[in-house]
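Note sheet for the following structure.
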Amino acid sequence: MAIRTVGVVGCGLMGAGIAETMARGQYNVIVREINAEVLQRGLERLQQSMATAVAREKMSQWDADAAWARIRGITDLEDMAECDLVIEAAVENLDLKREVFAALDRITPAHAILASNTSSLSIAAIAAATRPERRDKVIGMHFFNPVPVMKLVEIIRSVVTSDETFATIRDLSVGLGKEVVVAKDYPGFIVNLLLIPYLLDAVRALELGIASQEDIDKGIQLGLNHPMGPLTLLDFVGLDTTLFIADAMFAETGDARYAAPPLLRRMVSVGLNGRKVGRGFYEYGKK
Ligand code: 3HC
């Protein structure tokens, strides 16, 4: 199926990155946020990321301008009526995602594929919010932050996702220059199944006073050659986002590996959500 116009629900860290990646991949993009102010912030983040790409000579100014011209910001979901594909990148909350999918099912044309960038929630549970005749067109399309830079798209098929939907999303992802892995509809899929316990263990190590936060990060970064230590990565992903994912995985599996340590919960309670707000485990320049 030919996809020309891609809707992106949410213009936060992930939504902005997905919108940028789609526009750079020649798609017309319609990106939606809940109000004009939040939308403006998201679009500024997107422009900043493209400016970085131009400064690093990853793309020309001409291509950046052309990509920008393909992006339209909206605040009303009803304006997604012309989308062939919508990628939802709202917060990690099943009820909210189900509301969005029920609305998108009503608004978008019958051929449209509805994808979720969920990090851990069940694609089948999200699909169940749509009418039975849409459910084979619901799929998981999990991107990684920063989306324009990270090579991977994790594709998740629910038990009723069709071969045609899967093939369309796989080919589109490869066309964007991404590598694809395919996972079963199981909490955390591949990457977060392994990443979340690791990040939570790093917080537990700090909580237990095993080492300073700098040494926990340095130990992993230099000892395992990771680009970032786990606490820096938590700041990068967002402590709130990580907590949402951990709680969702714990709720579904009851597995203690996903039980969030109190320190993480307390930091989120007071808004220390990481780099995007200027402070998490570390402090960052004013955002
Ligand atoms: N567009 C295109 N390219 C860009 C760019 C942009 N907006 N911004 C930077 N780049 C390029 C740079 O030019 C550079 O390319 P080069 O290697 O060819 O020179 C490359 O990207 C790396 O950028 P930088 O030099 O600025 O920075 P670093 O080398 O410090 O890398 C990083 C930054 C890529 C963020 C690296 O630290 C990293 O990989 N960190 C780990 C990120 C990670 O694990 N992400 C996944 C999080 S989990 C997730 O998202 C899933 C969720 O469900 C939890």
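How much accessible surface area, in Å² rounded to 10, belongs to the heavy atoms of residue 206 with a 1.4 Å probe?
Approximately 40 Å² for this residue.
Please give the per residue accessible area of the chain, computed with a probe of 1.4 Å over protein heavy atoms only, in Å².
Averaged over the residues of the chain, the accessible area is 47 Å².
Roughly how many Å² of residue 44 are accessible to a 1.4 Å probe, to the nearest 10?
Residue 44 exposes around 100 Å² with every protein chain in place.
Could you give the dipole magnitude of the stretch 193-277 about its Cα centre, charging the beta-carbon of Lys and Arg +1 and that of Asp and Glu -1, in debye to the nearest 20?
That gives a dipole near 120 debye.
List, largest first, the extents of the alpha carbons of the chain along their principal axes, each in whole Å.
Projected onto its principal axes, the Cα set of the chain covers 55, 45, 33 Å.
Sort 5, 253 by accessible area with a 1.4 Å probe, largest first.
These residues rank, largest area first, as 253, 5.
Place the peptides 114-121, 224-231, 102-109 in order of packing, highest mean first, counting for every residue the other Cβ atoms within 10 Å and averaging per peptide.
Ranked by mean Cβ neighbours within 10 Å, highest first: 114-121, 102-109, 224-231.
Rounded to the nearest 5, what is the percent of antiparallel bridges among the DSSP beta bridges in the chain?
If I count the DSSP bridges inside the chain, around 20 percent turn out antiparallel.
Non-local amide H neighbours of residue 273 (under 5 Å, H modeled in plane, Pro and chain starts lacking H): which ones?
For residue 273, whose amide H was placed from the backbone, the distant partners under 5 Å are 279.
List every residue whose amide H lies under 5 Å from the amide H of residue 74, counting only residues 5 or more places away in sequence or on a different chain, with H placed 1.01 Å from N in the peptide plane.
31, 32, 33
As a test of reading the structure, rank 179, 20 by solvent-accessible area (1.4 Å probe, protein chains only), most first.
179, 20
Could you rank 70, 279 by how accessible they are, 1.4 Å probe, largest area first? Could the numbers behind the result be given before it?
Numbers: 70 50, 279 115 Å².
In descending accessible area the options line up as 279, 70.
Under the Karplus relation 6.51 cos²θ - 1.76 cosθ + 1.60, θ = phi - 60°, what is the ordered set of whole-Hz ³J(HN,Hα) values for the stretch 70-84, x standing for Gly and Pro?
Computed from phi, the couplings for the stretch 70-84 are 7, 9, 10, x, 9, 10, 10, 4, 4, 7, 8, 4, 9, 7, 8 Hz.
Compute the distance from the alpha-carbon center of the stretch 58-121 to that of the stretch 236-256, in whole Å.
Going from one Cα centre to the other spans 23 Å.
Tell me the label-point distance for the pair residue 1, residue 179, using the 7 Å Cα-to-Cβ offset, in nm and rounded to one decimal.
Distance between the two pseudo-spin positions: 2.9 nm.
Rounded to whole Å, give me the distance from the Cα center of the stretch 171-229 to that of the stretch 146-160.
One Cα centre to the other: 15 Å.
Once the dipole of the chain is set up with Lys and Arg at +1 and Asp and Glu at -1 on Cβ about the Cα centre, which of 16, 1, 259 lies farthest towards its positive end?
16
Can you give the angle from 0 to 90° between the axis of helix 163-175 and the longest principal axis of the chain, with both taken from C-alpha atoms, to the nearest 10?
Taking Cα atoms only, the helix is inclined about 70 degrees.
To two decimal places, what compactness ratio does the stretch 69-130 give when its Cα radius of gyration is scaled by 2.2 N^0.38 Å?
1.09
Going by amide H atoms built from the backbone, whose H comes under 5 Å of the H on residue 113, apart from near neighbours?
HN-HN under 5 Å from residue 113: 85, 86.
The values are calculated or read from the model by the stated rules, or taken from the named source; none is laboratory data. Quick caveat: nothing in here was measured; it's all calculated off a predicted structure. Note: ideal-geometry Cβ built from the backbone for every residue, glycine included; neighbour counts use all protein chains shown. Heavy atoms of the whole protein, side chains included, go into the accessibility calculation; ligands, DNA and RNA do not. Shrake-Rupley method; radii C 1.70, N 1.55, O 1.52, S 1.80 Å.
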